[in-house]
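One structure is given here, and the rest of the page talks about it.
Throughout, read-outs are computed from the coordinates displayed, never taken from laboratory work. In this text, all values refer to a predicted model and were calculated from it rather than measured experimentally. As a convention, Cβ positions derive from the backbone with ideal geometry for all residues, glycine included, and neighbour counts pool all protein chains shown.
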Amino acid sequence: MSLNSPLDISRWSLAALSTQMFRYYEDRIPHDASVLVVSNHRSFMDALVLMAALSRPIRFACHHYMGQVPIMRELVTSQLGCFPLEDIKHRQQSFFAQSQVLLQSQQMVGVFPEGTAPMVKSTQANQLGEFQRGFAHLALRASVRDLAILPIAIASLEEVNTAGVPLRLLSLFDPSEALFNQPGWHPLVIYRRVAVLIGNPYWIKPQHQKQYQGKQAKTVVNELTEHCHYEIANLLHQGCY
């Protein structure tokens, strides 16, 4: 079988893992617009699931260590089209620069604002951590017309939990990540049945960008972050019960 795109790889991977996927509210997917996908994150399968659900390649920002590990680096960058984040000193600037270029060309960009924690610590399927605000700053400062933030919940209906690699091994590739500097193994969540619930998009308007440049900057960042967190938490509750 020839795998010519990240979308092909995503669909083939779900089939190879015998994963059943159910998609809800697909009418909410924006068309003819730049889209920043925001989702919860518990499994290495999440990027694959989201691409298959939206039927489009998504350029995901992924953890710094993924760009340091041989073979994995080629897989995530060349095959899946992800862009690993830079080291902590240059991370924010690089993330904004790369993401803005992709959004300006109307490519979908994906972020997991919970960060590394839910991938390293075993969590419940309906659990949602606090969101980092980097994606909101990106959306509000990007010079992109017709930009939509699309919150999506990945709700595991049936899964297999096993161990991946020792956390201290990952620390060799990214010593700056404190979560890797501990005993134990990186959890590995494999979805057997998974629901993808698409939330209401949040459109970035000139008024939001104007507020971001003024005294209300913190307020508009918080509003955007909280909107996405609320949407995903609500959808996650629907999907898991």
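Looking at the calculated P(r) for segment 101-153, what percent of the C-alpha pair distances fall above 15 Å? Present the calculation step by step, with values, prior to reporting the outcome.
Numbers: 757 of 1378 pairs.
Summing the P(r) of segment 101-153 above 15 Å gives 55 percent of all pairs.
In segment 184-241, which trypsin sites (Lys or Arg not before Pro) fall in coil by DSSP and have 12 or fewer other Cβ atoms within 10 Å?
Hits after loop and neighbour filter: K215.
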Tally Lys/Arg at +1 and Asp/Glu at -1 over every other residue whose Cβ is under 12 Å from the Cβ of L188; what's the total?
0
At 7 Å along Cα-to-Cβ for each site, give me the label-to-label distance between Y25 and K210 in nm.
2.9 nm
